[in-house]
Amino acid sequence: MSQTQKIEIENFDFTGLILKEPKEKAVGVPAIISSVKQMAKYMDPIDAFKLSLKINQKGGFDCPGCAWPDPDDDRSALGEYCENGIKAIAEEATKQSIKADFFAQYSVAEISKFSDFKMGKLGRLTEPMVLKEGATHYEPISWKDAFQLLAEELHKLNSPNEALFYTSGRTSNEAAYLYQLFVRAYGTNNLPDCSNMCHESSGVGLSATVGIGKGSVILKDLYEAEVIMVMGQNPGTNHPRMLGALEKCKENGGKIISVNPLPEAGMVNFVDPQSPLKILKGGTALTDLFVPVKVNGDVAFLKAIMLLLLQKEDAGEQVFDHEFIQNFTSNYDELIADLRNHSLEECVEASGIPLSIIEEATELIAKNEKIIICWAMGLTQQENGVGNIQEVVNLLLLRGAIGKPGAGTCPVRGHSNVQGDRTMGIWEAPKEPFLKKLDEVHGINAPREHGHHVVSAIEAMHKGECKLFLAMGGNFLSAAPDTLYTAEALQKCNLTAHVSTKLNRSHLVTGKQALILPCLGRTDKDIQTTGEQFVTCENSMGVVQSSQGILRPPSKQLKSEIAIVAELAAATFPNSNINWMAMGGDYDLIRDAIESTIPGFDQYNERVRKPGGFYLPNGARERKFNTDSGKANFTINSVPKHTIAEGEYIMMTIRSHDQYNTTIYGLDDRYRGIYNERRIVMMNQEDIDERGWKTSHEVDLFSEFTGIKREARKFLIVPYPIPRGNIATYFPEANPLVPIDSYAARSHTPTSKLVKVTIESVS
Ligand SMILES: Nc1nc2c(c(=O)[nH]1)N[C@H]1C(S)=C(S)[C@@H](COP(=O)(O)OP(=O)(O)OC[C@H]3O[C@@H](n4cnc5c(=O)[nH]c(N)nc54)[C@H](O)[C@@H]3O)O[C@H]1N2
Ligand SMILES: Nc1nc2c(c(=O)[nH]1)N[C@H]1C(S)=C(S)[C@@H](COP(=O)(O)OP(=O)(O)OC[C@H]3O[C@@H](n4cnc5c(=O)[nH]c(N)nc54)[C@H](O)[C@@H]3O)O[C@H]1N2
Ligand SMILES: [Mo]
């Protein structure tokens, strides 16, 4: 560790809490005003206008916000945008930029004192920088020297498995494919990615039950569904365009059930920003039934529904789809036998939900055929994240609600190309057929031994087993669990290097040496030796589309992620059989290689040039279940039990309305009525009263796990309608409390929504 470097993992200053009534309506005029303000403040007006016409349009660029799909035909002429998409774009296409003089002026230790919000507002990174061993300041380095340094450090390692190659989910298909090819040609499967912290539980649970790690529905199915149950997701903030789809469902007579410990604004009432008439009318009440589940009460809730359905069956009413169960599933008898071992009372109690509400939900599920269940982090970031997803599948299978119009599974992805990155082979546990193809197509000898996921990668660095960390995007330090432990782990590396658009905390807590490699973003024009390029992405529903930026990049020194991988590979393997530089200069060649390696990409270059792109094959959608049994599998998942000691609470760490993961756009959480402060704890009023505290009371938070006590200091209490015994804080401020060794069984996803904490008063 460099002596001069202090571990400054957070900025602890309060910014001045203001509380208002939580909103009942999402989007509408305030959202338009908020997004226009954001664009006007940080972007060049002409750039803002050009971009607003191209967001998520056919032939435009893919919004770097979320992975929600674009309509196949009826795209809004105003641009398929949303408030938070605009914020994501304004953050990237900002007119501010950071140049070498900034790094000369401020030492790493000084920059570490900036808040995440302030850091983001510094603007785009513009030239490659190096932090030399023992140095206090970053200094400029040429691209050639940067690649040389990385190549030398890679060659110095005792084994390729001592290097780690992280990916965040904004990386295009082409960049992801080339990157994993480079990593496997180098000789390791150490490809941890943000998905490990995100929807990994969905991938594992769905693969085991329905044979594909992705959802089974397309956008049209949501419009046609009779019931959509949204579980553990806050679309008003994180997938605002999804609200439009839910509204269409309602207009067609569908019902929406929202299962969440919090009454999230977007789910209560939605005003379509693209419809002036609807804005005037005041919008649609989206949620028909709000189910205030306790944190981690979802398996109990789903089992309670299944028990009530079973009671109906026992009484002679046919509510299970026996024909479907007979023809397409296995393990039905085992599931029913296990269900009979559970009592309804036990499940109702563990869910925290009044029986009457569960009965209402059951009626909706029993009376309707076309059922979709959508979910996000509330289900995946749990100890039993995989069990949660498998239980969702059990319910859908009992009702035959998969592989037919208007029905199926809908995990709503986070990063705009996180699903595509996995399709391209960004995975620590690749399957043999993929590796075999890679070997054939590129003449490499891809390693077969599985590599590190995020949690084991951090542990391996901490133990000194991994010494080089390269990140393709993201903010590993702040996104990972157990911030202090992760900081120590990164500091044990010889070299940490980040391909990034913006400065973040991962650039400041480094190995002995560090590199910042600045790259083009989604909105930037990308010109290579053979001319202007486009890239492709896969959205949450398996549609592959092109994306082409239109703005002049903020600096001539920026390279595309693809060019960076190509040049790094060429520097690392001077005598390679693979023509890395040719692929870096002409992305069509990478797409040709993808077509040869990965099923579903036939005539890739041709089909992706058609407006709207193409759908990837999806077995579950056609009731072709690619599992060992060849059928969809019912699974047995136990109801989690939590022993909560006196004074302990279960904490979930969630996103505010003004952030994109670790990027803090602003300090307000408008829909929740929490303004100008992020260091807050949402807590039930009765729990607050029990402690004798008042609003804004200052507290410290502690978590104890496997004998280690962790802390996060300085938070303010905010009364909020949340179940008793549960509290909520924001990610990443509360990440120091998420224990490194607390993760979901089988998916290794950190339990960011299930952290046992105690709260202590400061005064
Ligand atoms: N604007 C914006 N958009 C984003 C992001 C962003 O940060 N900002 N992030 C992107 C990424 S990477 C992702 S993964 C997604 C995240 O999208 P979400 O999953 O919607 O994000 P979170 O804020 O983590 O919200 C989790 C929700 O689950 C609920 N919840 C917590 N615990 C439980 C539980 O035990 N059971 C149930 N039923 N609910 C629970 C919380 O109250 C909250 O409403 O959004 C993507 N889109
Ligand atoms: N406690 C807690 N922890 C969590 C979560 C939680 O809910 N609670 N959520 C988890 C989830 S779902 C996720 S997905 C992870 C997110 O983990 P990450 O994906 O690692 O984090 P981000 O904050 O999205 O990364 C932001 C950085 O990405 C870089 N960047 C942005 N666009 C580009 C680009 O186009 N190219 C390149 N090369 N770089 C770019 C910028 O430098 C920016 O600072 O965090 C996880 N951590
Ligand atoms: Mo995510």
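Points to keep in mind about this one:
- Of all the residues in the stretch 432-461, those that are closer than 18 Å to SER742 by Cα and part of a helix (DSSP H, G or I) number 8.
- Only one of the numbered conditions (1) more than 28 Å from PRO739 (Cβ to Cβ); (2) crowded, with 23+ Cβ neighbours inside 10 Å is not met by ASP321, and that is (2).
- The sole residue among THR362, THR409 that is at negative phi, surrounded by fewer than 24 Cβ atoms within 10 Å (Cβ to Cβ) and away from ligand 3 (no atom under 16 Å from the Cβ) is THR362.
- Scope the stretch 475-517; condition closer than 23 Å to HIS748 by Cα and under 21 Å from the mean Cα position of the chain (by Cα); matching residues: ASN475, PHE476, LEU477, SER478, ALA479, ALA480, PRO481, ASP482, THR483, THR486, SER506
- Of all residues in the stretch 515-564 being of a type in the set (Asp, Glu) and not in a helix (DSSP H, G or I), the one that is surrounded by the fewest Cβ atoms within 10 Å (Cβ to Cβ): GLU532
- Given (1) part of a strand (DSSP E or B); (2) within 14 Å of ligand 2 (Cβ to nearest atom), number of the condition SER506 does not satisfy: (1)
- Flag if ALA185 is farther than 20 Å from ALA514 by Cα and either within 16 Å of ligand 1 (Cβ to nearest atom) or surrounded by fewer than 24 Cβ atoms within 10 Å (Cβ to Cβ) (or both): yes
- Scanning the stretch 705-732 for residues that are in a loop (DSSP other than H, G, I, E, B) and either under 13 Å from GLN685 (Cα atoms) or away from ligand 3 (no atom under 16 Å from the Cβ) (or both) turns up THR706, GLY707, TYR720, PRO721, ILE722, PRO723, ARG724, GLY725.
- Here is the figure for the stretch 134-146: residues that are part of a helix (DSSP H, G or I) and either under 32 Å from the mean Cα position of the chain (by Cα) or at pLDDT below 95 (or both) total 2.
- Qualifying residue in the stretch 214-224 (condition: of a type outside the set (Lys, Arg), within 25 Å of SER752 (Cα to Cα) and not in a helix (DSSP H, G or I)): yes
- Tally of residues being of a type in the set (A, V, I, L, M, F, W, C) and either surrounded by 18 or more Cβ atoms within 10 Å (Cβ to Cβ) or under 26 Å from the mean Cα position of the chain (by Cα) (or both) across the stretch 574-587: 3
- Pairs linking a residue in the stretch 152-170 that is farther than 30 Å from GLU92 by Cβ to a residue that is aliphatic (A, V, I, L, M) and away from ligand 3 (no atom under 16 Å from the Cβ), with Cβ atoms under 7 Å and 6 or more positions apart or on different chains, are LEU157/ALA163; LEU157/LEU468; GLU162/LEU468.
Yes/no per residue for (1) within 15 Å of ligand 2 (Cβ to nearest atom); (2) at pLDDT below 95; (3) not aliphatic (A, V, I, L, M):
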{"residue": "THR409", "(1), (2), (3)": "no, no, yes"}
{"residue": "VAL412", "(1), (2), (3)": "yes, no, no"}
{"residue": "GLY420", "(1), (2), (3)": "yes, no, yes"}
{"residue": "ILE426", "(1), (2), (3)": "yes, no, no"}
{"residue": "GLY443", "(1), (2), (3)": "no, no, yes"}
{"residue": "GLY451", "(1), (2), (3)": "no, no, yes"}
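- Residue check, MET461 away from ligand 3 (no atom under 16 Å from the Cβ), outside the structural domain of ILE305 (by TED's automatic domain parsing), buried (at least 24 other Cβ atoms within 10 Å of the Cβ) and among the aliphatic types (A, V, I, L, M): yes
- Residue list for the stretch 636-660, restricted to those being surrounded by fewer than 20 Cβ atoms within 10 Å (Cβ to Cβ) and assigned to a loop (DSSP other than H, G, I, E, B): ILE636, SER638, PRO640, LYS641, HIS642, THR643, ILE644, ALA645, GLU646, GLY647, ARG655
- Of all residues making up the stretch 157-171, the number that are in a loop (DSSP other than H, G, I, E, B), more than 16 Å from ligand 1 (Cβ to nearest atom) and touching a strand residue (DSSP E or B) at 6+ places or on another chain (Cβ under 7 Å): 1
- Some residue of the stretch 147-166 being under 30 Å from ILE373 (Cβ atoms), within 16 Å of ligand 3 (Cβ to nearest atom) and under 17 Å from the mean Cα position of the chain (by Cα): no
- Sole residue being closer than 30 Å to LEU484 by Cβ, charged (D, E, K, R), at pLDDT 95 or above and out of contact with any Cys (no Cβ under 6 Å at 6 or more places or on another chain), chosen from LYS502, LYS525: LYS502
- Looking across SER195, SER207, SER216, one residue alone is closer than 29 Å to THR627 by Cα, among the hydroxyl-bearing types (Ser, Thr, Tyr) and within 16 Å of ligand 3 (Cβ to nearest atom). It is SER195.
- Annotation: THR362 fulfils all but one of (1) more than 24 Å from the chain's Cα centre (by Cα); (2) in a helix (DSSP H, G or I); (3) touching a residue at least 60 places away in the same chain (Cβ under 8 Å); the unmet one is (3).
- Hey, SER201 surrounded by fewer than 24 Cβ atoms within 10 Å (Cβ to Cβ) and either within 16 Å of ligand 1 (Cβ to nearest atom) or part of a helix (DSSP H, G or I) (or both) or not: no
- In the stretch 472-500, the residues that are over 24 Å from LYS753 (Cβ atoms) and among the aliphatic types (A, V, I, L, M): MET472, LEU490, LEU495, ALA497, VAL499
The values are calculated or read from the model by the stated rules, or taken from the named source; none is laboratory data. Treat the numbers as computed from the prediction; the structure is a model and nothing was measured. We place every Cβ from the backbone using ideal geometry, glycine too, and count neighbours over all the protein chains shown.
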